[in-house]
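See below for the structure under consideration.
Just so you know, all these numbers are worked out from the coordinates, no wet-lab data involved. Keep in mind it's a predicted model, so treat the numbers as computed, not measured. Note that we place each Cβ from the backbone using ideal geometry, even for glycine, and neighbour counts take in every protein chain shown.
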Amino acid sequence: MKQFFKNLQSLQIKIVLIYVLLIVIGMQIIGLFFTNTLERQLTENFKDNISAQATTIQSRIQSLYEEYEEDVDTLQDELSVVLRDYSNRTEINEIRFVNVDNILLATSSLSNESLVNTRVSMPTTAEALQTGTQNEEIYLNVESNNQRVWILNQPVYVDGSLVGVIYIASHIEAIFIQLDQINNIFIIATGIALVITVLLGFFIARTITKPIMDMRNQALQMSEGDYTSRVKVYSKDEIGELAEGFNILSKRVQEAQANTESEKNRLDSVITHMSDGVLATDRRGRVRVVNAMAMYMLGKTEEEVYNQDLMTLLNLNEEMDLEDIKKEISERTVTGLAEDSRFSSIRISFSAIVKDTGFINGYIAVLHDVTEQEKVDNERREFVANVSHELRTPLTSMKSYIEALQDGAYKDEVLATKFLGVTRDETDRMSRLVEDLLQLSRMDNDAEEISRELVDFNSFLNRIVDRFEMSHKDTVTFIRTFPDEAIFTEIALDKMMQVLDNVITNAIKYSNNTDKRVEIRLRQNKLYNRLTLQIKDNGLGIPAGKINRIFDRFYRVDKGRARKMGGTGLGLAISKEIIEAHEGKIWASSIETEGTSIYINLPIMNIDEDDWDD
């Protein structure tokens, strides 16, 4: 039933219904006018015919009255003859002549001859006798199946005196039967016309609604995102022009949608691959857009972030609100947003999305990871503090000894010699520190070029260890574990020698004082074309929490002991810079009370020894 009423609301049905209603109303108006006119014309013609016959009868009766005025019986017989002449008329039922005394003098009906010379009771005839004027009426004859009968009462005057009334009862039912037949024919014609009209209406409506339905279907497809199909143009009329315009609109929308999708994809790609986190909200501060980096920084999933309050999500609800963003308070730095503390410091930049009307449509928060920046700043401050401290210590010592010499200590030859020796040692220490700082600066700025040459690393390492054995032959035991075959690599000899000297010297310094032992192992990984050098001492080792910081500048595990041994705290930092300049890696491992191992990994060259000898 619902579908039926829905179909009735379609444009095609409406057009057909309107078309049919117009035809029905038009035909009804024409039929009503036609039948009324025809009925009036037929009845008037019928009445005129009867009236003409009444006039003829009136003339003959007037003649008979003039001729047989004195002979009443003859007059009555002649009247009967005149009236019987009309008894065979199909349209006339009966003709009577009633005198002024309401006495029936003659009748054309044989069945009513018994009423002759008797007083009759006919209201219309009595009225005509009283008024002396013609009257008429139509009544239903119950005895003849309720057929209509038209009664005409025509007064008859002779020499100006009313002598009687001619009563004529005529069969007017034939006129209405004829009208009914005509109406039936008209109804049948109307039905046939309606059938033809409906068929033509559907055909005409389809020619109108087909392109409109195509446009409707296309509009539905467009609402679902399909802009590829086009409406077929069936004609060059207004509907055809509308279809062409709709196709142009569809093409323009498709192009606009493609541009929008392209821009959206580009924007999504930019937001997704940004190194900063992005959060976009609606005007109430509820998160509507979030990229992967923001979720990573917050340590949350998209479901946990979406539709959350921005300030609550960033733990800033006690410090600021959305009104502060409107007032151009645009930045905040927070720490510990994620539970796992993967970022120690995040700077958040806020901005409002403002329409041309001034209405705020939403807010954007950009999360910048400034952990490394804070770390660099801290390291820079620490570096400056360490440099200042390292320079201040020897300068203070030198100043103290020089002041003592100025105060007269130079007169004591033994004391003066001692003071000057300490001053020279502190000067050398300052020189080494400044030289190390200059070398680090040159390496940081890529100002120092490294000239590499192909060497046999086994031989190169053996020469260095031999030198250390010679200088520490009575105090340190060196244990070598080298492969038999030669290992070739490209290195800067002086730089790599500086690295090995620094690492081996540290191993000697921090080995066990009662039994100093340094283990040096070299192995080759031909699969990856790399060599790995391990230099291990047997000292106290380094705590696990400090092992990753020994390559930082000026970092010392035991500051007092390192400074006493004359270290600057820059040796391992310089070594790391040199190794990385050789596309290598350096790292450390340590077990407390068992010692520390420094590992150096470098690329190698696959060269046969025979080729090397040549």
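The simple Förster model, with R0 at 45 Å and r as the Cβ-Cβ distance, assigns residue 296 and residue 219 a FRET efficiency of 0.55.
Under a 5 Å amide H cut-off, with hydrogens placed 1.01 Å from N, residue 135 pairs with 153 among residues at least 5 apart or on other chains. Taking a point 7 Å from the Cα of residue 450 along the Cα-to-Cβ direction, the residues of the stretch 577-599 with backbone N closer than 13 Å to it are 577-586. Centroid-to-centroid, using Cα positions, the stretch 234-268 and the stretch 516-549 are 70 Å apart. Going by the alpha-carbon gyration tensor, a ≥ b ≥ c the square roots of its eigenvalues, is the chain rounded (a/c under 1.5) or, if a/c is not under 1.5, prolate (a/b greater than b/c) versus oblate? It comes out prolate by the Cα gyration axes.
Report the calculated FRET efficiency for residue 48 and residue 200 (r = Cβ-Cβ distance, R0 = 51 Å), to the nearest 0.05. It comes out at approximately 0.75. You can think of it this way: the chain between residue 374 and residue 427 has 15.6 nm of extra reach, that is 0.36 nm per residue less the Cα-Cα gap.
Kindly express, to the nearest 10 degrees and within the range 0 to 90, the angle between helix 493-509's C-alpha long axis and the longest C-alpha principal axis of the chain. Tilt relative to the chain: about 70 degrees.
Taking each residue as 0.36 nm, the span from residue 275 to residue 534 lengthens on full extension beyond its C-alpha to C-alpha distance by 89.5 nm. Report the residues of the stretch 495-522 in range of a label on residue 460: point 7 Å along Cα→C-beta, backbone N strictly under 14 Å from it. Of the residues in the stretch 495-522, 495-501 have backbone N under 14 Å from the label point off residue 460. Of the beta bridges in the chain, as assigned by DSSP with both residues counted there, near 95 percent are antiparallel.
Against the chain, whose longest principal axis is taken from its Cα atoms, helix 413-444 shows a tilt of about 30°.
Placing unit charges on each Cβ (+1 for Lys and Arg, -1 for Asp and Glu) gives the chain a dipole about its Cα centre, and among 140, 13, 31 the Cα reaching farthest toward its positive end belongs to 13. In order along the stretch 188-193, the phi-based Karplus estimate (6.51 cos²θ - 1.76 cosθ + 1.60, θ = phi - 60°) of 3J(HN,Hα) comes to 4, 4, 5, x, 4, 5 Hz; Gly and Pro are listed as x. Our summary gives the chain a relative contact order of 7 percent, counting only alpha carbon pairs under 8 angstrom and 6 or more residues apart. Extension gain, residue 34-residue 435: 0.36 nm per intervening residue step, less the Cα-Cα distance, totals 131.6 nm. Mean residue ellipticity at 222 nm, helices only, the chain: -17500 deg cm²/dmol; runs of at least 4 DSSP H residues each add -39,500 (n - 2.57), and the sum is divided by the number of residues. Applied to the stretch 456-463, the Karplus parametrisation 6.51 cos²θ - 1.76 cosθ + 1.60 on θ = phi - 60° returns per-residue 3J(HN,Hα) values of 8, 5, 4, 5, 4, 5, 5, 4 Hz, with x for Gly and Pro.
Cross-link partners for residue 355 among the lysines, with Cα-Cα distance under 22 Å and sequence neighbours closer than 8 places in the same chain left out: 264, 326, 327.
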